[in-house]
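These notes are about the structure you will find just below.
Just so you know, all these numbers are worked out from the coordinates, no wet-lab data involved. What you are looking at is a predicted structure, and each value in this text was computed from that prediction instead of being measured. With ideal geometry, Cβ positions are generated from the backbone for all residues, glycine too; neighbour counts draw on all protein chains shown.
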Amino acid sequence: MNTVAIIQARMDSTRLPGKVLKMISGRPLLWHIVHRLQQCQQLDNIIIATTTKGADDAIAKFAAAHNIAVVRGSERNVLDRFLQAARQYDAELILRVCGDSPLIDPTTIDQCLATMKHNDADLWQPEPRGSATIHEGFTPISRRALEALARRGAHDPAVVEHVTAKVRDYVPDLKIAPFRFDARHTIEGSRTSVDTPADLSFINTLYQRLGAAAGEIDISAVVALLKSDPALLEINAHVHQKTANEATHKVLIRCDGGGTLGLGHVMRCLALASVLRDHFSVGIRFVVNPPASHDHSAIELIERYHFPVEPLSATQITSGADEATALSALIQRHAPDGVIFDIRTDLPAQSLQQWREQGVTTVCIDDPSERRLACDLVFFPPVPRVREMTWEGFSGTRHVGWQWILLGPSFTSPPSPPAPHERPRLLIMMGGADPARITLKAIKSLARIHAPVEPHVVLGRACNFREEAVALARELALPCQFHTDVVNVAQLMASMDLAIATYGVTAYELAALGVPSLLLCHTPAHTRAGQQLEQQGITRSLGFHEAVTPATLATQMDELLINSALRETMSNNARALHIGNGAHNIAREIKSALAPQSSG
């Protein structure tokens, strides 16, 4: 019986583009799949089924380099690609293999295929039903069943995309072969498919812990390791596995960041993007303004999180009309289901309305401009300006409150307050860029305080005066500890007794962690928003930063550093607001808004 493995693979995967060639233990993911299939005794051939898109030329080159046959076809119709491959190579028994499953087990596959052949079966039935195993990513099916499925179910988008997921619904007269997995492979809660960076990290961690050569990891050893150290399962336990009936959604996120604007907008959009990707199976692409020649900090940060990012155009965007034209071209090219805006540009509201009329869900994050009126969804913290805005003509849904503040995942579950320090720990943190150079004023104020203190200064990725700040501290004989490129900002913040910060994302991050703060503000609007936080008893807002002298700042620091009871009260007040789940709350609403656009 001619038995063929067909690997479905493409570069443009929704959640982790290019994942099939991402590295695992020094080899591309696709190499692992091919290498393990080549160890199977029951297979006569291995074929990679990919698309005719130019991006998938890389997969064709990989196949040629490893002497693997390739069939190329429709991007959207995976079923048709399988049929082409099965017919072209005269397959009688087909092993459908997902291109994201690097831990398929040759021994188990051989046993499965042998059972199928012995029973002349169309499909298998793992026994006992409902038992959880380590195995993912492969399904045997007879050629006759695949052809019948194509005749009866090709109208169903789930069949077209997932091929075998609903075969029993459309081909009821199947001959089923029962199959029992090796008891050593039984485990609850494991996830070995690669859809996100967390999944990639999980597989690489398994290789590192077991010390296995690329492609040679033993499945029984993997299960034994996970049972002995179940904490490893937490690496990707949060990742949602998309079901066969769940529509695939794509979203563009339009935001900017860098030396002038700072990186707060980018950071909070990354938090939202990560939740949409990992928890709600939404594909994300970032769109940013063309970076200045010397400042690629925003793009580098986004790429670190494994999201695709591209500038609006190769030329400089000088007006809202230019931005609208460039963004329209990207919307046409990528056909997203939605666009999320976290910008402070002149992009006109009319453009959002046009895209909305074209069926694109539009979302604004904390945007006071007229764009908010053209959105399906808007999200704001509970600041005074929201109540004062005119909402005439708005037909979307408005969300205002502490639960809609957008923060990263490390701020979701704040740790317990730090143990008392011999010298209170003071954090100076003014954002990723601090274009107003407020950090220097805060350092100068340290020379004026009387309370004992252990100062820590964070200089963000886009800060361009690092050397000057360090030199100033040295000149004033201050024992400052400087931090740059901090890996775990939340952990550093949570270890502090008091913080000096600017109003913005950082202020809410500190509140989520229960860290009392003194706030300096960049604008009148920020000043009023800071006062709102002060009314909650979680911070002291000192107003516009230019009006605050080092002496005034030092006086305020002294009072809070000396009064530990007041700091504790401010910390408790902040924790009572339960800030920190905004990314998940916002992502849930966006996913719900996208759901009616399902192609099913």
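Between the Cα long axis of helix 197-210 and the first principal axis of the chain there is an angle of about 70°, rounded to the nearest 10. Compute the normalised compactness of segment 415-576: alpha-carbon radius of gyration over 2.2 N^0.38 Å, N being the residue count. Compactness ratio reported: 0.94. Tally Lys/Arg at +1 and Asp/Glu at -1 over every other residue whose Cβ is under 14 Å from the Cβ of Asp278; what's the total? Its environment carries a net charge of +4. In this simple spin-label approximation, Ala595 and Asp169 carry label points 7 Å from Cα along the Cα→Cβ vector, and these lie 1.7 nm apart.
In a reduced charge model with +1 at each Lys and Arg Cβ and -1 at each Asp and Glu Cβ, segment 3-235 shows a dipole moment near 280 debye about its Cα centre.
The modelled label-to-label distance between Lys250 and Ser369, using points 7 Å beyond Cα along the C-beta direction, is 2.5 nm. Evaluating 6.51 cos²θ - 1.76 cosθ + 1.60 at θ = phi - 60° for every residue in segment 494-507, the Karplus couplings come out as 5, 8, 9, 9, 7, 10, 10, 8, 9, 5, x, 4, 4, 4 Hz, glycine and proline recorded as x.
Where both bridge residues fall in the chain, DSSP classifies roughly 10% of the beta bridges as antiparallel. Round to a whole angstrom and tell me the spacing of the C-alpha centers of segment 361-418 and segment 194-256. Centre-to-centre (Cα) distance: 32 Å. Only Cα pairs under 8 Å and 6+ residues apart enter the sum, and on that basis the relative contact order of segment 3-235 stands at 23 percent. Amide H contacts of Asn581: none lie under 5 Å away among residues 5 or more positions distant or on a separate chain (H built 1.01 Å from N in the peptide plane; Pro and chain starts excluded).
Pairs with C-alpha atoms separated by more than 21 Å, drawn from the list Lys53/Lys250; Lys166/Lys250; Lys61/Lys166; Lys19/Lys242; Lys117/Lys175; Lys166/Lys242, are Lys166/Lys250; Lys61/Lys166. The per residue volume of the convex hull around the alpha-carbon atoms of segment 3-235 is 116 Å³.
Scanning residues 5 or more positions from Thr361 or on other chains, those with amide H under 5 Å from its amide H are Gly338, Val339, with H placed 1.01 Å from N in the peptide plane.
Taking the Cβ-Cβ separation of Ser131 and His399 as r and a Förster radius of 45 Å, what is the calculated FRET efficiency to the nearest 0.05?
After rounding, the FRET efficiency stands at 0.60.
Computed from the C-beta positions of Gln354 and His155, the FRET efficiency with R₀ = 30 Å rounds to 0.40.
Take segment 409-478, compute every pairwise Cα distance, and split them into 10 Å bins from 0; I just need the percent in each bin. Spelled out bin by bin, segment 409-478 gives 17, 43, 30, 10 percent.
Fully extended, how many nm does the chain gain between Ala329 and Ser495 (0.36 nm per residue separation, minus their Cα-Cα distance)? Display every interim value, and only then the final one.
Numbers: separation 166, 0.36 × 166 = 59.76 nm, distance 4.62 nm.
Full-extension gain reported as 55.1 nm.
Taking a point 7 Å out from the Cα of Arg87 in the direction of its Cβ, the residues of segment 26-51 whose backbone N falls within less than 20 Å of it are 46-51. Put simply, the convex hull of the Cα atoms in segment 133-200 casts, on average, a shadow of 6.1 nm².
Could you pull out which residues in segment 388-419 have an amide N less than 16 Å from a spot 7 Å beyond the Cα of Thr205, following the Cα-Cβ vector? Those under the cut-off are 410.
With all distinct Cα pairs included, what does the Kirkwood hydrodynamic radius of the chain come out to in Å, to one decimal, could you say? Before the final figure, lay out the partial values.
Details: mean 1/r = 0.0374 Å⁻¹.
This gives a value of 26.8 Å.
Counting neighbouring beta carbons within 10 Å and listing from fewest to most, the residues Val515, Val288 come out as Val288, Val515.
Got the relative contact order for the chain handy, in percent, Cα pairs under 8 Å and 6 or more residues apart?
Relative contact order, the chain: 11 percent.
Using θ = phi - 60° in the Karplus curve 6.51 cos²θ - 1.76 cosθ + 1.60, the 3J(HN,Hα) couplings for segment 279-285 round to 9, 10, 6, 9, x, 10, 9 Hz; x is entered for Gly and Pro. Considering every alpha-carbon pair of segment 551-600, the percent of pairs per 5 Å bin, from zero through the bin containing the longest distance, is 4, 16, 12, 12, 11, 9, 8, 8, 7, 6, 4, 3, 1. Charge dipole of the chain (Cα centre as origin; +1 on each Lys and Arg Cβ, -1 on each Asp and Glu Cβ, all else neutral): 360 debye, rounded to the nearest 20.
Taking other residues whose beta carbon is less than 13 angstrom from the beta carbon of Ala148, and scoring Lys, Arg as +1 and Asp, Glu as -1, yields +3.
Taking amide H positions as modeled 1.01 Å from N, with prolines and chain starts lacking one, the residues under 5 Å from His483 and 5 or more places away or on another chain are Val457, Val458, Leu459.
Potential lengthening of the chain between Thr552 and Arg385 amounts to 57.4 nm, from the contour at 0.36 nm per residue minus the alpha-carbon distance.
Sort Ser351, Ser369 so the one with the fewest other Cβ atoms within 10 Å of its own Cβ comes first.
Values: Ser351 20, Ser369 16.
So the ranking, lowest neighbour count to highest, is Ser369, Ser351.
In terms of surrounding Cβ atoms within a 10 Å radius of their Cβ, Ile48, Ile141 rank from fewest to most as Ile141, Ile48.
The length gained by stretching the chain between Glu303 and Leu233 to full extension, at 0.36 nm per residue less their Cα-Cα distance, is 22.7 nm. Between the helical axis of 320-334 and the longest alpha-carbon principal axis of the chain there is an angle of about 20 degrees. A Cα-only calculation for segment 319-441 places Rg and Dmax at 19.1, 61 Å. Using the Karplus relation 6.51 cos²θ - 1.76 cosθ + 1.60 with θ = phi - 60°, the per-residue 3J(HN,Hα) values for segment 214-228 come to 3, x, 10, 5, 8, 5, 4, 5, 4, 4, 4, 5, 5, 6, 7 Hz, with x marking Gly and Pro.
FRET efficiency for the Glu568 to Met1 pair, using the beta carbon distance and R₀ = 56 Å, is estimated at 0.15. Between Arg466 and Glu216, the distance separating the two model label sites (each 7 Å from Cα on the Cα→Cβ line) works out to 4.1 nm.
Find the eigenvalues of the gyration tensor of the Cα atoms of segment 384-445, then list the square roots of 5 times those eigenvalues as equivalent ellipsoid semi-axes, largest first, in whole angstrom. Don't jump to the answer; show the numbers that get you there.
Details: eigenvalues 245, 87, 24 Å².
Over the Cα atoms of segment 384-445, the ellipsoid semi-axes are 35, 21, 11 Å.
As I understand it, the value is the acute angle between the Cα axis of helix 106-119 and the longest principal axis of the Cα atoms of the chain; what does it come to in degrees, rounded to 10? Between helix and principal axis, roughly 40 degrees.
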